[in-house]
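Worksheet: the structure to be examined is printed underneath.
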Amino acid sequence: MNGPLRVILNDRPLRQTLTGVGHYIAQLLLHLPEVTHDVHLDPFVFTHLSRGDWRQRLAETPSAVPAQSASASGAPDSQQRDVGGSRKPWWLRRFVQGAYGVLFRRAARRYQLYHEPNHIPIRCDLPTVTTVHDLSVVVHPEWHPRDRVQWYENEFDAGVRQTSRFIAVSEFTKREMVARLGLAPDTIDVTYQAPRPAFGAQPPAVVDRVRRALDLPRRFFLYVGTLEPRKNVAGLLDAFAALPGELRREHPLIIVGAWGWKHEALREKLAARALASDVRLLGYMNDTYLACLYSLCTALVWPTLYEGFGMPPLETMACGGPVIVSDVASLPEVVGEAGVLLDPRDTAAWTAAMQRLAEDEGWHGRCAAAGLRQAATFTWEQCVRKTLACFRTALAES
């Protein structure tokens, strides 16, 4: 092959508020030039449909002070975005997707390889590498909006057939793909993600500023993530409610994240429980604020029922915060022996672990130190190098 390998990347998730997939795309784009100049990874929208320096935009970290947070009643404010309620009509999304696909295929003629970073590739004749973050829609369709399930039912199988090689974000996800999709293990490469540069030791002055801006107590438990069924926030509330009242007041529960789909039962649970003064919903937080929350918390409490990777626990460990997480899916790979891993449905065990971390300063310190060592084993350089190896193998095999 003469000249650099040219790869077109579907960067559509970068056009909205960045969450897991968007951050994954952004970090690949930002770190790839540090590893090689022999591969050009071009984001489709930024390269062909819009103008401006996309590298500068992706590297920028907003620093605005969030608005007043919501209370435990669950009423969202201007910062507490409602992911489930803001979805466009299905017919409009399908129309937009169709038009987007036409433009994408036209641009793809100039490339040798296509990387789809979000489960279902656009129909295209190029050799295709697809990143699969998890199979929750396939395994647990009841946790997702009906139109998303319909999209998978209509398009996912064709996307699997189109894909030359797959990237899985964990060994757990790879095992799921082999078992559920019947894929050969040697067609799947595992590339672990890493904490973004914003997540690490925070300057004390910045931490103090964020604490004052958010009116945070000295210590608190922290949950970060979309408020949706598979995150098991309702189970977390049960475990938190079982703590002694004085401990709850000294270590309130801070919830960071947007309202997702099928959240009505959780809203009712929040409204029904007598926890209004002990639970605060902050909505979406930018990286600067989130890193400080990770650094300050008594522990991240993350009782998810299913996960393809698990970025919040990794980010917390990188910032020096202890983690209590589920012992399911990919989380044992991410946390290793550095955190407390528990059955997500064992409410009593979660309550006991939270109480111990709040009261045992020695154990708290040991968990924090172990987490820092574990987080340091994950790097974006490793992720990019393995991704590049996957690209080259896919092209060679095609």
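Is at least one residue of region 329-338 in the same structural domain as VAL233 (by TED's automatic domain parsing), more than 28 Å from ILE188 (Cα to Cα) and at pLDDT 95 or above? Let's see the steps before the verdict.
The first filter runs over region 329-338 and keeps only residues in the same structural domain as VAL233 (by TED's automatic domain parsing), leaving 329-338.
Remaining after also requiring more than 28 Å from ILE188 (Cα to Cα): none.
No, that holds for no residue.
Applying the selection to region 306-337, what residues are of a type in the set (Asp, Glu) and closer than 20 Å to LEU290 by Cβ?
Applying the first criterion (of a type in the set (Asp, Glu)) to region 306-337 yields 307, 315, 327, 333, 337.
Across region 306-337, the qualifying residues are GLU307, GLU315.
State all residues of region 267-291 that are of a type outside the set (Ser, Thr, Tyr), surrounded by 20 or more Cβ atoms within 10 Å (Cβ to Cβ) and in a helix (DSSP H, G or I); if no residue qualifies, say none.
Once the filter is applied, which keeps residues that are of a type outside the set (Ser, Thr, Tyr), surrounded by 20 or more Cβ atoms within 10 Å (Cβ to Cβ) and in a helix (DSSP H, G or I), region 267-291 yields LEU270, LEU290, ALA291.
Go through (1) loosely packed, with under 15 Cβ neighbours inside 10 Å; (2) in a helix (DSSP H, G or I); (3) under 19 Å from the mean Cα position of the chain (by Cα); (4) not hydrophobic (A, V, I, L, M, F, W, C) one by one and return the number of the condition PRO332 breaks.
For PRO332, the exception is condition (1).
Does any residue in region 109-128 that is in the same structural domain as HIS23 (by TED's automatic domain parsing) and in contact (Cβ under 8 Å) with a residue 40 or more places away in the chain come within less than 9 Å, Cβ to Cβ, of a residue that is of a type in the set (Phe, Trp, Tyr) and in a loop (DSSP other than H, G, I, E, B) six or more places away or on a different chain, and which pairs are these?
Final answer for the pair search is LEU126/TYR111.
Going through region 236-263 one residue at a time, which ones are free of Cβ contacts under 8 Å to residues at least 40 places away in the same chain, outside any strand (DSSP E or B) and either surrounded by fewer than 19 Cβ atoms within 10 Å (Cβ to Cβ) or under 27 Å from the mean Cα position of the chain (by Cα) (or both)?
Our first condition is that a residue be free of Cβ contacts under 8 Å to residues at least 40 places away in the same chain; within region 236-263, this holds for 241, 245-246, 248-249, 252, 255-257.
From what is left, the residues that are outside any strand (DSSP E or B) are 241, 245-246, 248-249, 252, 257.
Passing the criteria: ALA241, GLY245, GLU246, ARG249, PRO252, GLY257.
Kindly list the number of the only condition in (1) modelled with pLDDT under 65; (2) closer than 30 Å to ARG211 by Cβ; (3) not in a loop (DSSP other than H, G, I, E, B) that fails for ALA72.
Single failed check for ALA72: (3).
Hey, GLU176 hits all of (1) under 30 Å from LEU293 (Cβ atoms); (2) surrounded by 15 or more Cβ atoms within 10 Å (Cβ to Cβ) but one; which does it fall short on?
(1)
What are the residues in region 346-368 that are of a type in the set (Gly, Ala, Ser) and in contact (Cβ under 8 Å) with a residue 12 or more places away in the chain, if any?
First, pick out the residues of region 346-368 that are of a type in the set (Gly, Ala, Ser): 348-349, 352-353, 358, 362, 365, 368.
Result: ALA348, ALA353, ALA358, ALA368.
If a residue has to be of a type in the set (D, E, K, R) and surrounded by 14 or more Cβ atoms within 10 Å (Cβ to Cβ) to count, how many in region 32-46 make the cut? Can you show your working first?
Filtering region 32-46 for residues of a type in the set (D, E, K, R) gives 34, 38, 42.
Checking the rest, the ones that are also surrounded by 14 or more Cβ atoms within 10 Å (Cβ to Cβ) come to 42.
Of the residues in region 32-46, 1 are of a type in the set (D, E, K, R) and surrounded by 14 or more Cβ atoms within 10 Å (Cβ to Cβ).
So, LEU14, is that one surrounded by 19 or more Cβ atoms within 10 Å (Cβ to Cβ) and within 20 Å of LEU126 (Cβ to Cβ) or not? Quick ask: steps written out before the conclusion?
On the way: surrounded by 19 or more Cβ atoms within 10 Å (Cβ to Cβ): yes; within 20 Å of LEU126 (Cβ to Cβ): no.
Here the answer is no, as LEU14 does not meet what is asked.
Please verify whether TYR294 is of a type in the set (Ser, Thr, Tyr) and either part of a helix (DSSP H, G or I) or in contact with a Gly (Cβ under 6 Å, 6 or more places away or on another chain) (or both), treating the condition exactly as stated.
Numbers: of a type in the set (Ser, Thr, Tyr): yes; either part of a helix (DSSP H, G or I) or in contact with a Gly (Cβ under 6 Å, 6 or more places away or on another chain) (or both): yes.
So TYR294 passes the test.
Taking the criterion of being acidic (Asp, Glu), touching a Ser or Thr at 6+ places or on another chain (Cβ under 9 Å), touching a residue at least 60 places away in the same chain (Cβ under 8 Å) and surrounded by 16 or more Cβ atoms within 10 Å (Cβ to Cβ), would at least one residue in region 376-397 satisfy it? Steps first, please.
Of region 376-397, the ones acidic (Asp, Glu) are 381, 397.
Subset that is touching a Ser or Thr at 6+ places or on another chain (Cβ under 9 Å): 397.
Applying the additional criterion that residues be touching a residue at least 60 places away in the same chain (Cβ under 8 Å) yields 397.
Pick out the ones that are also surrounded by 16 or more Cβ atoms within 10 Å (Cβ to Cβ) and you get none.
No: zero hits.
So is LEU341 part of a helix (DSSP H, G or I) and either in contact with a Cys (Cβ under 8 Å, 6 or more places away or on another chain) or modelled with pLDDT of 95 or more (or both) or not?
Values: part of a helix (DSSP H, G or I): no; either in contact with a Cys (Cβ under 8 Å, 6 or more places away or on another chain) or modelled with pLDDT of 95 or more (or both): yes.
It is false that LEU341 is part of a helix (DSSP H, G or I) and either in contact with a Cys (Cβ under 8 Å, 6 or more places away or on another chain) or modelled with pLDDT of 95 or more (or both).
Considering each residue of region 129-169, count those that are within 16 Å of THR187 (Cβ to Cβ) and hydroxyl-bearing (Ser, Thr, Tyr), and give that number.
Looking only at that region, the number is 4.
Could you check, for region 306-327, whether at least one of its residues is more than 24 Å from VAL210 (Cβ to Cβ), within 20 Å of the chain's Cα centre (by Cα) and assigned to a helix (DSSP H, G or I)?
no
In region 129-221, which helices (runs of 4 or more DSSP H) lie fully inside it and hold 3 or more residues that are closer than 19 Å to THR316 by Cβ? Reasoning before the result, please.
Values: elements: 136-139, 146-162, 171-181, 204-214.
Those helices (runs of 4 or more DSSP H) span 204-214.
Looking only at region 354-384, how many residues end up being under 24 Å from the mean Cα position of the chain (by Cα) and closer than 25 Å to GLY245 by Cα?
2
Every residue in region 209-219 that is over 15 Å from TYR294 (Cβ atoms) and surrounded by 12 or more Cβ atoms within 10 Å (Cβ to Cβ), please. First the steps, then the outcome.
First, the residues of region 209-219 that are over 15 Å from TYR294 (Cβ atoms): 209, 212-213, 215, 217-218.
Result: ARG209, ALA213, PRO217.
The values are calculated or read from the model by the stated rules, or taken from the named source; none is laboratory data. Everything numeric in this text was worked out from a predicted model, so none of it was measured. As a convention, Cβ positions derive from the backbone with ideal geometry for all residues, glycine included, and neighbour counts pool all protein chains shown.
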